[in-house]
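I have placed the structure first, in the form of structure tokens, so that the comments after it can refer back to it.
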Amino acid sequence: MKFGVLGTGIVGRTLATKLAECNHEVMLGTRDVTTTLARTQLDVWSNLPFHEWKEQHSEIQLGTFAQTAAHGEILLNATAGNVSLEVLQTMSIDDLNGKTLIDTANPLDFSHGFPPSLSFHG
Ligand SMILES: NC(=O)c1ccc[n+]([C@@H]2O[C@H](COP(=O)([O-])OP(=O)(O)OC[C@H]3O[C@@H](n4cnc5c(N)ncnc54)[C@H](OP(=O)(O)O)[C@@H]3O)[C@@H](O)[C@H]2O)c1
């Protein structure tokens, strides 16, 4: 089955890795493929720079968020929760219509340090 995993952080990487191990065709989505592959620093959580991780997972494709939405028969959202709606709104309705979207995102606010609070209040 074709899965589109939106998000290149540790959650997206972990989900994509397991799905690929289960022989699914997985694409991981990002804002800009060239920029993401060019990252050379550990991220804020000390995860490997993306291109190093990608070298170890050559079976997982990397595309833009829009390409990933088009690829996936099932989609998983693993983007930063405070921008998830913004990201989803960049996609074509035709690429989302009728598809299941599994949402892992939390709208966390790290602006006051750790631990974060929720950025939306009911
Ligand atoms: N980390 C955990 O242990 C954990 C556990 C449960 C749930 N969650 C939730 O799962 C989600 C993913 O967490 P994560 O730690 O893997 O990654 P993250 O750092 O929260 O999000 C990374 C993804 O968000 C995208 N992004 C960030 N800012 C953006 C912006 N301004 N516009 C568009 N896209 C933007 C990044 O795009 P690029 O690829 O272009 O950089 C990247 O793909 C979060 O909502 C988090 O709350 C996390």
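Numerical summary
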item	result
Cα pair distances of the range 12-102 binned at 5 Å [whole percent]	3, 13, 24, 27, 20, 11, 3, 0
Residues Leu62, Leu96, sorted so that the one with the fewest Cβ neighbours within 10 Å comes first	Leu96, Leu62
Neighbour cut-off at most 12 other Cβ (10 Å), DSSP loop, chymotrypsin sites (Phe, Trp or Tyr not before Pro), the range 9-54	Trp45
Additional length obtainable on full extension of the chain from His51 to Ile74, 0.36 nm per residue less Cα span	5.8 nm
Computed [θ] at 222 nm, helices only, for the chain once each DSSP H run of length n ≥ 4 contributes -39500 (n - 2.57)	-7500 deg cm²/dmol
Amide H within-cut-off set for Arg39, under 5 Å, with H built and near neighbours excluded	Phe50, His51
Label-to-label distance, nm, for residues given as Thr40 and Val83 (7 Å Cα→Cβ offset)	2.2 nm
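No lab work stands behind these numbers, since they all come straight from the coordinates. Since the model is a prediction, treat every value here as computed from it, not as a measurement. As a convention, Cβ positions derive from the backbone with ideal geometry for all residues, glycine included, and neighbour counts pool all protein chains shown.
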